[in-house]
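Peer 1: Okay, handing you the structure first.
The values are calculated or read from the model by the stated rules, or taken from the named source; none is laboratory data. Source: prediction; values computed, not measured. Cβ placement follows ideal geometry from the backbone for every residue including glycine, while neighbour counts extend to all protein chains displayed.
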Amino acid sequence: MLTRPLTRILLGAVIAGNGINLLVLSATGSAGREPLLYGVELGRVTDPLPQAIALTAIVITLATTAFLLAMAYRSHQLTGTDEVHDDDEDRRIVLRAEVLGERDELRERYRAEAEPSAEAQRRYRAERRRLRARLRADRALQARGRDASGDLWHDVLGADAEDYAAERPTERPEPPTNRGDTG
């Protein structure tokens, strides 16, 4: 369900929503002790709460479907595909967690030695510099990517009217001189 294309995510969300609605409705039982309608036997009245929950879930699923369809359409307009790409921020968070984990492991190994030698201290500092350099290189790559991405308004909202000006004729056609009977 959570693979790359937005259409698959959309289909998965719709199927999951419908399945949950069916589960809730199938789990309903008879109403409680006090029926809403007087004079009706309890076996004929079902509990209205699960039905209200299912109706609410249907509305939420419809809104989610509309949102995902709009995202897929806009993504297809901008990139020609509805493929979901990796988020740079997520990648940066994972890299930072990896580097911090390696740094903690390195620190534990260094502190585990009773009396670290000068060579061990030199290796420890070199490894720390290498880890910091990885983070710096990723930050620099992210900054370069941000600068080269282009106009944010054009990327998010689509082309402006000025972008279409080149496609329009620069001169207006002359109005007809003979107006005919309309004067």
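For every residue, the table says whether it meets (1) assigned to a helix (DSSP H, G or I); (2) farther than 25 Å from residue 128 by Cβ; (3) at pLDDT 85 or above; (4) not assigned by TED's automatic domain parsing to the domain that holds residue 129.
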| site | (1), (2), (3), (4) |
| --- | --- |
| 35 | no, yes, no, yes |
| 51 | yes, yes, yes, yes |
| 56 | yes, yes, yes, yes |
| 65 | yes, yes, yes, yes |
| 72 | yes, yes, yes, yes |
| 75 | yes, yes, yes, yes |
| 95 | yes, no, yes, no |
| 102 | yes, no, yes, no |
| 114 | no, no, no, no |
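Peer 1: What number of residues in the range 1-33 are over 30 Å from residue 75 (Cα atoms) and either modelled with pLDDT of 90 or more or assigned to a helix (DSSP H, G or I) (or both)?
Peer 2: The qualifying residues number 5.
Peer 1: Scan the range 60-96 for residues that are over 26 Å from residue 137 (Cβ atoms) and of a type in the set (Val, Ile, Thr) and jot them down.
Peer 2: Of everything in the range 60-96, those that are over 26 Å from residue 137 (Cβ atoms) and of a type in the set (Val, Ile, Thr) turn out to be 60, 61, 64, 65, 79, 81.
Peer 1: Something else about it: Would you check which residues across the range 38-85 are touching a strand residue (DSSP E or B) at 6+ places or on another chain (Cβ under 9 Å) and loosely packed, with under 11 Cβ neighbours inside 10 Å and list them? Steps first, answer last, please.
Peer 2: Going residue by residue through the range 38-85, those that are touching a strand residue (DSSP E or B) at 6+ places or on another chain (Cβ under 9 Å) are 42-47, 72, 75, 81-84.
Once the filter is applied, which keeps residues that are touching a strand residue (DSSP E or B) at 6+ places or on another chain (Cβ under 9 Å) and loosely packed, with under 11 Cβ neighbours inside 10 Å, the range 38-85 yields 43, 44.
Peer 1: Here's a follow-up. Could you tell me whether any residue of the range 125-140 is surrounded by 10 or more Cβ atoms within 10 Å (Cβ to Cβ), at pLDDT 90 or above and under 24 Å from the mean Cα position of the chain (by Cα)?
Peer 2: No: zero hits.
Peer 1: Any residue at all in the range 94-112 that's surrounded by 10 or more Cβ atoms within 10 Å (Cβ to Cβ), in contact (Cβ under 8 Å) with a residue 40 or more places away in the chain, under 22 Å from residue 21 (Cα atoms) and not polar (S, T, N, Q)?
Peer 2: So far as the range 94-112 goes, no, none of its residues is surrounded by 10 or more Cβ atoms within 10 Å (Cβ to Cβ), in contact (Cβ under 8 Å) with a residue 40 or more places away in the chain, under 22 Å from residue 21 (Cα atoms) and not polar (S, T, N, Q).
Peer 1: Would you mind telling me which numbered condition in (1) free of Cβ contacts under 8 Å to residues at least 24 places away in the same chain; (2) farther than 29 Å from residue 135 by Cα residue 118 fails?
Peer 2: Result: residue 118 fails condition (2) only.
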